[in-house]
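J.: The structure is given below, and queries will be raised subsequently.
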Amino acid sequence: MKKSTIALSMITILSLNAFAAQHEHDHLTVDYHGKAATPATVAHNAALTKSLKFDDKVAFERFSKNQIAEFDQATADILRAEFSFISEQFPDSVNPSLYRQAQLNMVPNGLYKVTDGIYQVRGTDLSNMTLIRGETGWIVYDVLLTKEAAEQSIKFAFEHLPEGKNLPIVAMIYSHSHADHFGGARGVQNLYPDVKVYGSHNITTEIVDENVLAGNAMSRRAGYQYGATLGKHDHGIVDAALAKGLSKGEITYVKPDYELNQQGKWETLTIDGLEMVFMDASGTEAASEMVTYIPSMKALWTGELTYDGMHNIYTLRGAKVRDALKWSKDINQMVNAFGQDVEVLFASHSAPVWGNSEINQYLKMQRDNYGLVHNQSLRLANQGVVIQDIGDAIMDTIPQQVKDTWYTNGYHGTYSHNAKAVYNMYLGYFDMNPANLNPLPTQQEATKFVEYMGGANNIVKKAKADFNQGEYRFVATALNKVVMADPSNEHARDLLADTYEQLGYQAEGAGWRNIYLTGAQELRIGIQPGAPKSASADVLSEMDMTTLFDFLAVKVDSIAADKLGNISLNVVTQATKTTPETTVFVELSHGNLNNIVVEKAKTADATLTVDKDDIVNVLLGKTSLKQLLEKGKASMTGDQQAFGKIASTLVQFDESFAIVPLK
């Protein structure tokens, strides 16, 4: 039976993988390049350059090792061409550590040998595609973001593989629930229809459900984090931290035939004659994730628990905080389970690490880095350091040997926002200072600040002097109050934009850079087209009914709903080949929409029997309940207006809400 596929919408991509916003955008309507680095920024980046260990070239050697074939023009030069401005010369407008990462991520360019029987295609997408030799064919591990990139990468690999060129791909494995690791699935299945699919534990549920409820806000925020409307040049995007960037095309998903680790932490499975040991690592970098050890090859696949840099404990676009302690402990599990025998480590991003001693050092350094973020953040918190201060304070707790290690640097996650994430996970946003318990709403607060500080002109004058001294962090705080209080103040807007720009030029984190630069851009020229949109039809189509009504509950205008009083509805979805008949009892009560799966219909104002897909189409405006009833595709007993009354309370989200104050 042919496996079902879905093309995931942008909201899903963002839910699973915040990177997708970076390249899925329209061209800017203006030629925007920003301004030059100020003397203060030039001095900041120059001083940082002197403190970095640029003589350490080990990563560049690893990234270029064992190349079998370079990409031809038709296959994957697109990403590299977009970043052709990356050179040996460090520009003043980019943090030198981030620029070094940008240089490193320019290296992947073709097919590489990992070890006997394992090969990787690197450079076609944000992630790596791995091919592992089985008895009768190939096992493909993580299949990139788009079906186009997957198809091109496979065809290129099979032209140049030194063995097994005529063998089929017999199995496809997803390491975790982020789109750049499963989105090319349809491309693999198109080429090899009989491929068997494996995924990490609970992957399909996490793909559909993760962060959907806040999807509109995440989409808008992700446009900032990933620079969705920024250009690619020295004043814009220079790197995506994990790699150069994303492929363009269709994001797809083939549901697994088999989900791994359903019975516990460890599972040993033979796939096409190859014994593989799977360790569940869900709750670390992804809500559904695993790592793999192949004993016969002494090869360890670490998924996204490791890469050449520090990952996010908190994703700036917005997501549930990840567990830094579990992350550290799961890496430690790998060290203790496989560290004695492993000879090669390979992963979803970056290049392999070879040699038992080198691998153990790499894993232990990554383990200890996440452990430090967790443990030192809590030590500081337990000594009274508050959330606003902890991002700076943690820098004094990181040993110099960790700071000097390139593959623990904060290109994706930073010590600052990761430490705040740990604080927030345990203690929440409130620091217990009574002044911060119930402050005024932001606009009212800003107006009073401006009044207390002697008016906008006085603040701008002082801010200009501090700007000239390179005091950008406080200038941003002060001027943001002025612009929030009076968005039409052009002098303050211009200086705030200049300030954000310089902070972006100094930032080591790719996300920080993009957020600052996008804020500057929107202050100057307004919101630009091309930020990701919450086109959620595909997401809705894969939700179960209770999750669907949870999503609808977020869209209910509670005041309008309360005026309608109590409305109850049984929604019965008919059985399909894969799902049984389901009854959801839906109740609008006190302005809130509740739902629960029940064994049989309850006493209610109405009972609606309908296919789930038709409910989705009603909510998307593709059809109406009246049309479904007239065509006999649905039936309703009781109050015929009950469903329509509930639907009338739903609001449409603004996909381009203001982040910096608009004029």
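J.: When ranked by the protection proxy of mean other Cβ atoms within 10 Å per residue, highest first, what sequence do the peptides 391-401, 130-140, 197-207 form? Kindly include the intermediate steps, with their values, before the conclusion.
T.: Working: 391-401: 14.1, 130-140: 21.2, 197-207: 23.1.
Order by mean packing, descending: 197-207, 130-140, 391-401.
J.: Straight distance only, please: which aspartates and glutamates reach the Cα of Lys35 with their own Cα at less than 20 Å, same-chain residues fewer than 8 apart left out?
T.: In chain and number order, the partners are Asp92, Asp234, Asp239, Asp466, Glu471, Glu490, Asp494, Asp498, Glu501, Glu508, Glu522.
J.: Convert each backbone phi in segment 330-342 into a coupling constant with the Karplus relation 6.51 cos²θ - 1.76 cosθ + 1.60 (shift: θ = phi - 60°), then list the ³J(HN,Hα) values in order as whole Hz, x for Gly and Pro.
T.: Here the 3J(HN,Hα) series is 5, 5, 5, 4, 5, 4, 6, 7, 10, x, 6, 10, 4 Hz.
J.: Considering only lysines 8 or more places apart in sequence, or on different chains, count the pairs in segment 134-282 whose C-alpha atoms sit under 25 Å apart.
T.: Number of lysine pairs found: 18.
J.: Computed FRET efficiency, Cβ-Cβ of Ser296 and Glu451, R0 56 Å: what is it to the nearest 0.05?
T.: Details: r = 72 Å, r/R0 = 1.29.
Efficiency, from the Cβ-Cβ distance: 0.20.
J.: Mind ranking 419-430, 256-267 by how tightly packed they are, going by the mean number of other C-beta atoms within 10 angstrom, highest first? If you can, show how the numbers build up before the last one.
T.: Numbers: 419-430: 19.1, 256-267: 15.0.
The densest-packed peptide leads the list: 419-430, 256-267.
J.: Follow-up. Could you give me the ³J(HN,Hα) list for segment 103-115, computed from phi with Karplus coefficients 6.51, -1.76, 1.60 and θ = phi - 60°, whole Hz, x at Gly and Pro?
T.: 5, 4, 6, 7, 5, x, 6, x, 9, 10, 8, 8, 6
J.: Given H placed on each backbone N at 1.01 Å, which residues far from Trp138 in sequence or on other chains put an amide H within less than 5 Å of it?
T.: Those lying under 5 Å, H to H, from Trp138 are Ile169, Val170, Ala171.
J.: Within the set of other residues whose C-beta is less than 13 Å from the C-beta of Ile359, count the net charge using Lys and Arg as +1 and Asp and Glu as -1. Mind dumping the intermediate values first?
T.: Numbers: positive: Arg62, Lys298, Lys364, Arg367; negative: Asp341, Glu343, Glu358.
Neighbour charge sum, excluding Ile359 itself: +1.
J.: Can you list the residues, at least 5 places off or on another chain, whose amide H is less than 5 Å from the amide H of Asn489, using H built in the peptide plane?
T.: none
J.: How large is the helix-only mean residue ellipticity at 222 nm for the chain, computed as the sum of -39500 (n - 2.57) over DSSP H runs with n ≥ 4, divided by its residue count, in deg cm²/dmol to the nearest 500? Kindly include the intermediate steps, with their values, before the conclusion.
T.: Details: 25 runs with 265 residues, N = 663.
Value at 222 nm, helices only, nearest 500: -12000 deg cm²/dmol.
J.: Skipping prolines and chain starts, which residues have an amide H placed within reach, meaning under 5 Å, of the one on Ala69, given they are 5 or more residues away or on another chain?
T.: Placed amide hydrogens put Leu111 under 5 Å from Ala69.
J.: Can you give the charge dipole size of the chain about its Cα centre, rounded to the nearest 20 debye, using +1 on the beta carbon of Lys and Arg and -1 on the beta carbon of Asp and Glu?
T.: Details: 58 positive and 77 negative charges, 141 e Å.
Dipole of the chain, to the nearest 20 debye: 680 debye.
J.: Give me the extension gain from Gln73 to Asp116: residue separation times 0.36 nm, minus the current Cα-Cα distance, reported in nm with one decimal. Provide the component values of the computation, followed by the final result.
T.: Values: separation 43, 0.36 × 43 = 15.48 nm, distance 2.76 nm.
That pair, Gln73 and Asp116, stretches by 12.7 nm at full extension.
J.: Compute, for segment 439-525, the length of the dipole vector about the Cα centre, with Cβ point charges of +1 (Lys, Arg) and -1 (Asp, Glu) only. Units Debye, rounded to 20.
T.: On the way: 9 positive and 11 negative charges, 23 e Å.
Roughly 120 debye, rounded to the nearest 20.
J.: Work out from phi, with θ = phi - 60° and the Karplus expression 6.51 cos²θ - 1.76 cosθ + 1.60, the ³J(HN,Hα) of each residue of segment 419-431, listed in order in whole Hz, and give x for Gly and Pro.
T.: Per-residue couplings from phi come out as 5, 5, 5, 5, 4, 5, 4, 8, 10, x, 7, 8, 9 Hz.
J.: Kindly work out what percent of the DSSP beta bridges joining two residues of the chain are antiparallel, to the nearest 5.
T.: Working: 55 of 75 bridges.
Taking every DSSP beta bridge within the chain, about 75 percent pair in antiparallel fashion.
Bear in mind these aren't lab numbers, they're just calculated from the coordinates by the rules spelled out. On a predicted model such as this, the values are computed, not experimentally measured, just so you know. When we count neighbours, we look across all protein chains shown, and the Cβ atoms used for this are built from the backbone with ideal geometry, even at glycine.
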